[in-house]
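**Student:** Please read through the structure below; I'll follow up with questions.
The values are calculated or read from the model by the stated rules, or taken from the named source; none is laboratory data. These figures come from a predicted structure and were not determined experimentally. Ideal geometry is used to build each Cβ from the backbone, glycine not excepted, and the neighbour counts take in all protein chains shown.
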Amino acid sequence: MNKQLLNEFSNQINKEYYSAFLYLSMSNWLNEAGMPGAANWTYVQYQEELAHAENLFRYLQYRDEIVQLMKIDQPDKEWDSVLDVFKNVLSHEKKVTASINNLTTEAINASDHAARIFLEWYVSEQVEEEANASDLIHKFKMAGDNPNALLMLDSQLATRTFVAPVVPGVG
Ligand SMILES: [Fe+2]
Ligand SMILES: [Fe+2]
């Protein structure tokens, strides 16, 4: 694999682990804030982010490349409200989308068609991530300060369970 492309893949692995850390930190805060359902939702997202990183890692191993594992930044640990958490989820996922798009452009520029095809799963996944975050922002805005609505919404988020994503092409 082209050196620059390999570097960008390694950077993306770091970003996915950072995402995992960010969601774990959000889960911690939400649990303390008395929102166990939203804490569960972000914990499941933490598990998803670990899977995103692991599948990128496995792909590079399959391609017989050496991954650079770098220091993971410390995530924020406090937010103003549950709505503020999900606004941060959306802005974070938009940055990840830009990063995945740049990585895909690198693959195209390097004429690495296999890498480009592999990254398609991640491109589509980002559409889902942004849609989920937007949906939750909309719902928490509707709930406002109404305790009944907030409790009902929180109990819906409590039902989310982790399903390991199947990423094609990792060998
Ligand atoms: Fe991710
Ligand atoms: Fe997802």
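**Student:** Out of the residues in region 113-132 that are touching a helix residue (DSSP H, G or I) at 6+ places or on another chain (Cβ under 6 Å) and of a type in the set (Asp, Glu), which is surrounded by the most Cβ atoms within 10 Å (Cβ to Cβ)?
**Tutor:** The residue in question is Glu129.
**Student:** Let me ask something else. Condition first: over 23 Å from Thr104 (Cβ atoms) and part of a loop (DSSP other than H, G, I, E, B). Can you find one or more residues in region 46-66 that meet it?
**Tutor:** No: region 46-66 contains no residue that is over 23 Å from Thr104 (Cβ atoms) and part of a loop (DSSP other than H, G, I, E, B).
**Student:** Taking the condition of being in contact (Cβ under 8 Å) with a residue 40 or more places away in the chain, of a type in the set (D, E, K, R) and in a helix (DSSP H, G or I), how many residues in region 99-118 meet it?
**Tutor:** The qualifying residues number 1.
**Student:** Consider Lys87 carefully, then state whether it is under 17 Å from Tyr46 (Cα atoms) and either part of a loop (DSSP other than H, G, I, E, B) or within 16 Å of ligand 1 (Cβ to nearest atom) (or both).
**Tutor:** Spelling it out, it is not the case that Lys87 is under 17 Å from Tyr46 (Cα atoms) and either part of a loop (DSSP other than H, G, I, E, B) or within 16 Å of ligand 1 (Cβ to nearest atom) (or both).
**Student:** Within region 133-171, track down each residue that is surrounded by fewer than 16 Cβ atoms within 10 Å (Cβ to Cβ), within 16 Å of ligand 2 (Cβ to nearest atom) and of a type in the set (A, V, I, L, M, F, W, C).
**Tutor:** Answer for region 133-171, where residues must be surrounded by fewer than 16 Cβ atoms within 10 Å (Cβ to Cβ), within 16 Å of ligand 2 (Cβ to nearest atom) and of a type in the set (A, V, I, L, M, F, W, C): Phe162, Val163, Ala164, Val166.
**Student:** Another question, if that's okay. Looking at Leu153, Leu157, Leu103, can you tell me which residue is within 16 Å of ligand 1 (Cβ to nearest atom) and in contact with a Phe, Trp or Tyr (Cβ under 9 Å, 6 or more places away or on another chain)? Break it down stepwise before answering.
**Tutor:** On the way: Leu153 fails: within 16 Å of ligand 1 (Cβ to nearest atom); Leu157 fails: within 16 Å of ligand 1 (Cβ to nearest atom).
Sole residue among the options that is within 16 Å of ligand 1 (Cβ to nearest atom) and in contact with a Phe, Trp or Tyr (Cβ under 9 Å, 6 or more places away or on another chain): Leu103.
**Student:** Can you tell which of Ile66, Ile72 is within 18 Å of the chain's Cα centre (by Cα) and either more than 12 Å from ligand 1 (Cβ to nearest atom) or polar (S, T, N, Q) (or both)?
**Tutor:** Ile72
**Student:** Taking only pairs six or more apart or across chains, which ones have beta-carbon atoms under 6 Å, a first residue in region 1-16 that is modelled with pLDDT under 95, and a second residue that is of a type in the set (Lys, Arg)?
**Tutor:** Note: pairs meeting the criteria are Met1/Arg63.
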